[in-house]
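Just so it is clear, none of the values below were taken in a lab; they were calculated from the coordinates. Predicted model only: the values in this text are computed from it and were never measured. For neighbour counting, all protein chains shown are included, and Cβ atoms are generated from backbone atoms with ideal geometry for every residue, glycine included.
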Amino acid sequence: MRAVIQRVRRAAVIVEERTVGQIGPGLIIFLGVARGDREEDVDWMAEKIAHLRVLEDGEGRMDRSLLETGKEALVVSQFTLYGDVEKGRRPDFTAAAGSAEAEPLYDRFVQGLRGRGVPVQSGIFGARMLVQLENDGPVTLIVDRG
């Protein structure tokens, strides 16, 4: 499982010209599921990100988490995080889990954040999405598990 996390001032996901998820200050989380990822990986990732101290405190230091600040998360499925470009000119996505395997784990991740008290919005799994965001910092991190 792989996540690319960006601290944002605001972010939104639009599907077929309709906003399906939007947040104010917080984190946008692009989540990729690999073949063979397990529920334990999802639970670890939700716990890690909920407590990740990348939001600013009163003195401008990255020292607060989503849980400590009450800020929101926007979760977007992104199988392309497992695109392998080592050979050829076209990315190879065979490391990414198929929809039948990935969607339940994506849903579990969203529910895992919510269950830990993080306000969460999300895109639509498998949809073609337009993502709008205003990066804050910029702060961008990659979190891998497995």
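Rounded to the nearest 10 degrees, the angle from helix 39-51 to the longest Cα principal axis of the chain is 30 degrees. Modelled spin labels at S99 and V4, positioned 7 Å past Cα toward Cβ, are 2.3 nm from each other. Distance between the pseudo-spin-label points of R61 and E16 (7 Å out from Cα toward the beta carbon): 4.9 nm. With neighbour counts taken as other beta-carbon atoms within 10 Å, the residues S77, S122, S65 rank, fewest first, as S65, S122, S77.
Residue separation of H51 and R90 scaled by 0.36 nm, minus their Cα-Cα distance, works out to 10.4 nm of gained length.
Dividing the summed helix terms, -39500 (n - 2.57) for each DSSP H run of n ≥ 4, by the number of residues in the chain produces a 222 nm estimate of -7000 deg cm²/dmol to the nearest 500. When you restrict to C-alpha pairs under 8 Å that are six or more residues apart and normalise by the size of the chain, the relative contact order lands at 38 percent.
The tail of the calculated P(r) for the chain, taken as Cα-Cα distances beyond 27 Å, holds 19 percent of the pairs. Phi angles of region 8-15 translate, via the Karplus equation with coefficients 6.51, -1.76, 1.60 and θ = phi - 60°, into HN-Hα couplings of 10, 7, 6, 7, 8, 10, 10, 10 Hz per residue; Gly and Pro are given as x.
Close amide-amide hydrogen proximity is noted between A96 and R35, each under 5 Å apart and 5 or more residues distant or on a separate chain (H modeled in the peptide plane; Pro and chain starts excluded).
Which of L105, L74, L141 has the fewest other C-beta atoms within 10 Å, and how do the rest follow up to the most? Ascending Cβ contact count within 10 Å gives the list L141, L105, L74.
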